[in-house]
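What follows draws every value from the coordinates through simple rules; no lab data is involved. Since this is a predicted model, take the numbers as computed values, not measurements. Virtual Cβ from ideal backbone geometry, glycine too; neighbours counted across all protein chains shown.
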Amino acid sequence: MTGLAPFVVGIAGWKNSGKTTLVVRLVKELTRRGYRVSTVKHSHHDVELDAPETDSARHRNAGAADVVVVSPRRWGLVHELRDEPEPALEDIIERLPQTEIVLVEGYKHEPICKIEVRRREQNPGPALAGTDPLVIAVAADHATEQTDVPVFDLNDTEGLAALILSKSGIPAK
């Protein structure tokens, strides 16, 4: 790793467009190629990271601002916002351990480059490509209207990974 800021790319689309499935496939493909990848997932709902009645939940519920859980296989940090505003995406990325690529699921209106995901069964919403100049590609399970960016089959994980790497400027491994 270079110590430089990671390359950040959003996987954006409307509900049920296949964002999570694509993120999972891209993580597998990029890590298979030897890159260190982190992810950020945005949710509009409350997120429960530690099950009720666990020791860490009890610590958090007692008022701890930060709870770190450590085991031989993983560690995790839960930060309780209480009355603080939701952090900006850039603040979250700064807190990630050194990584080369960050895949961001959601945050469709953030000023980061994005791959727009489209599926026939998705919730309705306007196309991002054509209105957002930061969309670098569309990944779809159907023919799409003409766009000024490349269109990939939603299952072309290798092609999408190659696009991310070409845009990132990260040296090939």
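Below are the figures for this structure:
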{"read-out": "Most mobile listed residue (Val40, Val149, Val27) in the chain, GNM with C-alpha springs under 10 Å", "value": "Val149"}
{"read-out": "Cross-link pairs Lys114/Lys167; Lys19/Lys173; Lys15/Lys108; Lys41/Lys167; Lys41/Lys114; Lys15/Lys41 - those with Cα-Cα distance over 19 Å", "value": "Lys19/Lys173; Lys41/Lys167"}
{"read-out": "Fewest-first sequence of Thr147, Thr54 by Cβ atoms within 10 Å of each Cβ", "value": "Thr54, Thr147"}
{"read-out": "C-alpha center-to-center spacing [segment 95-168, segment 16-71] in angstrom", "value": "21"}
{"read-out": "Order of Tyr107, Tyr35 - criterion: other Cβ atoms within 10 Å of each residue's Cβ, fewest first", "value": "Tyr107, Tyr35"}
{"read-out": "Förster radius 35 Å - calculated FRET efficiency between Glu158 and Glu86 (Cβ-Cβ, nearest 0.05)", "value": "0.50"}
{"read-out": "Net charge, Glu121 excluded, C-beta distance under 14 Å - Lys, Arg +1, Asp, Glu -1", "value": "+4"}
{"read-out": "Candidates Thr20, Thr131, Thr157, ranked by Gaussian network fluctuation over the chain, Cα under 10 Å, top entry", "value": "Thr131"}
{"read-out": "Gaussian network model of the chain, springs between alpha carbon atoms under 10 Å - residue of Val78, Val138, Val151 with greatest fluctuation", "value": "Val78"}
{"read-out": "Share, in percent, of DSSP beta bridges within segment 61-173 that are antiparallel, nearest 5", "value": "40"}
{"read-out": "Charge context of Tyr35, other residues only, Cβ under 12 angstrom, K/R +1, D/E -1", "value": "+3"}
{"read-out": "Estimated 222 nm signal from helices in the chain, with DSSP H stretches of n ≥ 4 weighted -39500 (n - 2.57), rounded to 500", "value": "-7000 deg cm²/dmol"}
